[in-house]
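The values are calculated or read from the model by the stated rules, or taken from the named source; none is laboratory data. Given the structure is predicted, the values throughout are model-derived calculations rather than measurements. Don't worry about glycine lacking a Cβ; one is built from the backbone with ideal geometry, like all the others, and counts go over all protein chains shown.
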Amino acid sequence: MKINVLAKIITTMKLKQLFALAGLALMLACTGSQKPAADMVFFNGTIYTVADPPVVEAVAVKDGRIIFAGERQALSAYISDSTRQIDLQGHTMTPGFIESHGHFMGLGMSELELNLLDVKSYDELVERVAQAVAKAEPGQWITGRGWHQSKWQPQPDVMVKGFQTHDKLSAVSPDNPVFLRHASGHAAFANAKAMSIAGVNPLSVEALQQNISGGEIIRDAMGNPTGIFTETAQGVIARHIPPPTDAQRQRAFELAVAACQRNGITSFHDAGVGRETIALYRQAQKRGQLEVRLYVMLTGRDPALLDEWYQRGPLIDSVNHMLTVRAIKLNCDGALGSRGAWLLEPYSDRPGHYGAPTISMDFVSEVADKGLQYGFQVCSHAIGDRANREVLDRYEAAFEKHPEVTDPRYRIEHAQHLHPDDIPRFGKLGVIAAMQAIHMSSDRPWAIERLGEKRIKEGAYMWQSLLQNGAVVTNGTDVPVEPINPLASFYASVTRQTLAGTPPGGYEPEEKMTRQQALRSYTLDAAYGEFTEDYKGSIEPGKAADFTVFSKDIMTIPAEEILQTEVVMTVLDGRIVYQQQ
């Protein structure tokens, strides 16, 4: 009889959790009325459990696990001379926040190059590059990320297909190649020097474009390249950039760990990595440097890598879940900002243009099928309504082919714009909507130009509709597309406003999450998104002692105070890994 690999994995994990709880119960039974001495206790704050009861007064921890969550008066039974007592001083504690979709090394590398997330105009971008040029050696590459032309005020004088041209940028960087990635990661901006190195010029651009599938070298009316490269066309320039050194990669890793800890992130779903990055993570784990739990998705951009992992099977850290590799990330379309998201109807601000798939849908079908065969979760980036429908269709076909797999938990990453007919399909098929609420806050003011009012209102950022139709919605930031700060996404989830507090009442307010839903999307449901809801994501005896402590009560304060709240402590596996000074 064929035994399904995924079913075996899930069953084994659940048995391990039962054994852990049984061990805790046995320990308590053997000590009679005497409680085990805790390594650490927390009290004098508001503690939200995302469990029953929803709020407790105190928590006790031993060997990285929660052994008590309840009333303060019962806590003394767990305290000995060696117990560390943490007075929360009126602060608020929740389960450790989980970043459900981000790019871990991208987070670290963003601190080693130009960070353009706060650039407000083209002229400001040019000035940032001019400053970098002044510090660089001639010929040295200048890289960065974070610009978004739709957010600039004023808009550039010259625009081609909704993007700026390279003339001003090239004027301040004649001797340094420059390559600046869009905030979304789905477009990039190159100067004349970089294009010269890559052989991009008015005579070659047509031939280069013919060899590109799923991307565009944007040209002006005369056929000249403007410096904008979308989707897969970015590789025309990117392949000429020297790769980071081992020292730079190690430094980026360390910076990413520190950024997670100071932002209250105890677990991170890393959306699409290759061999080198996995090797770096495994070495870090051996050295004891892995101070964030990592749930890793293999990049679908390397089919050979997937074939290797199909044969070896998932890597599941069932002891403490510090490093698990059991998912596959597929990039199925682009983003709204670059007009690369794949739509059923044309863009409102670019007639006749629908965006495009960035990989073959046949490949999506193949991976969806093999994921079920070999025990891998499939996580597909899909932003446009056409891309979401195509992915759902292929998931559904794979599920029908493999009825023996009863809990695959396939995901769609972003699920940003949906046709109304497809919203109920998430719950029906058990497909997780791995969304980032901060994208609504950042993008909604200009996204209406891309989609028009009807499509925005009926199908964009449909959190509450998905939840009411039985879907699991997880939350995150897509860092470095957005800063990793989870409070910005939490705020966007419950207000549907920009970070400036506009508009009053929020965009499409009927789609807001409640604060309970938003907290769950960042904790227990996020753990569900990686098959670890029995191990973490709530504050209950037997679960991992991962906590985030906030300066204010994010569940009750006025909404405008959420963005003023700070992380004062981060606890991972029963250890304080960050404490505000």
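Is it the case that some residue within segment 500-510 is aliphatic (A, V, I, L, M), touching a residue at least 12 places away in the same chain (Cβ under 8 Å) and within 24 Å of residue 102 (Cα to Cα)?
no
I need the full set of residues from segment 390-417 which are part of a strand (DSSP E or B) and on the phi > 0 side of the Ramachandran plot, in order please.
414
Working only within segment 554-581, note down all residues that are over 25 Å from residue 64 (Cα atoms) and not aliphatic (A, V, I, L, M).
556, 558, 560, 561, 564, 565
What residue, among those in segment 63-84 that are among the charged types (D, E, K, R) and in contact (Cβ under 8 Å) with a residue 12 or more places away in the chain, is farthest from residue 50 (Cα to Cα)?
Of all residues in segment 63-84, those among the charged types (D, E, K, R) come to 63, 65, 71-72, 81, 84.
Subsequent filtering for residues that are in contact (Cβ under 8 Å) with a residue 12 or more places away in the chain retains 63, 65, 71-72, 84.
Values: 63: 22, 65: 16, 71: 16, 72: 18, 84: 24 Å.
Restricting to residues being among the charged types (D, E, K, R) and in contact (Cβ under 8 Å) with a residue 12 or more places away in the chain, the top hit is 84.
Of the residues 449, 404, 413, 390, which is free of Cβ contacts under 8 Å to residues at least 60 places away in the same chain and not basic (Lys, Arg)?
Result: 390 is the single residue among 449, 404, 413, 390 that is free of Cβ contacts under 8 Å to residues at least 60 places away in the same chain and not basic (Lys, Arg).
Taking segment 374-387 only, how many residues are under 21 Å from the mean Cα position of the chain (by Cα) and either touching a residue at least 60 places away in the same chain (Cβ under 8 Å) or not in a strand (DSSP E or B) (or both)?
Counting residues in segment 374-387 that are under 21 Å from the mean Cα position of the chain (by Cα) and either touching a residue at least 60 places away in the same chain (Cβ under 8 Å) or not in a strand (DSSP E or B) (or both) gives 8.
Out of 484, 438, which single residue is over 18 Å from residue 512 (Cβ atoms), buried (at least 19 other Cβ atoms within 10 Å of the Cβ) and among the hydrophobic types (A, V, I, L, M, F, W, C)?
Going through 484, 438 in turn, the sole match is 484.
So which residues in segment 235-260 are among the hydrophobic types (A, V, I, L, M, F, W, C) and part of a helix (DSSP H, G or I), if there are any at all?
So the first thing to find is which residues in segment 235-260 are among the hydrophobic types (A, V, I, L, M, F, W, C), and the list is 236-238, 241, 247, 252-253, 255-260.
Within segment 235-260, 236, 237, 238, 247, 252, 253, 255, 256, 257, 258, 259, 260 meet the criteria.
Could you tell me which of the residues 215, 185, 146, 139 is out of contact with any Ser or Thr (no Cβ under 8 Å at 6 or more places or on another chain) and at pLDDT below 95? Can you show your working first?
Numbers: 215 fails: out of contact with any Ser or Thr (no Cβ under 8 Å at 6 or more places or on another chain); 146 fails: out of contact with any Ser or Thr (no Cβ under 8 Å at 6 or more places or on another chain); 139 fails: at pLDDT below 95.
After applying the criteria, what remains is 185.
Let's see how each residue does on (1) within 14 Å of the chain's Cα centre (by Cα); (2) surrounded by 24 or more Cβ atoms within 10 Å (Cβ to Cβ):
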| position | (1), (2) |
| --- | --- |
| 433 | yes, yes |
| 475 | yes, yes |
| 480 | yes, yes |
| 498 | no, no |
| 537 | no, yes |
| 540 | no, no |
| 545 | no, yes |
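Taking segment 365-409 as the region of interest, how many residues are among the polar types (S, T, N, Q) and farther than 22 Å from residue 315 by Cα?
Qualifying residue count, segment 365-409: 2.
If the requirement is being buried (at least 19 other Cβ atoms within 10 Å of the Cβ) and of a type in the set (Gly, Ala, Ser), which of these qualifies: 45, 90?
45
For a quick check of your reading of the model, give me the residue pairs whose first member lies in segment 309-327 and is touching a residue at least 12 places away in the same chain (Cβ under 8 Å), whose second is of a type in the set (S, T, N, Q) and assigned to a loop (DSSP other than H, G, I, E, B), with beta-carbon atoms closer than 6 Å and at least 6 apart or on different chains.
What qualifies is 321/532.
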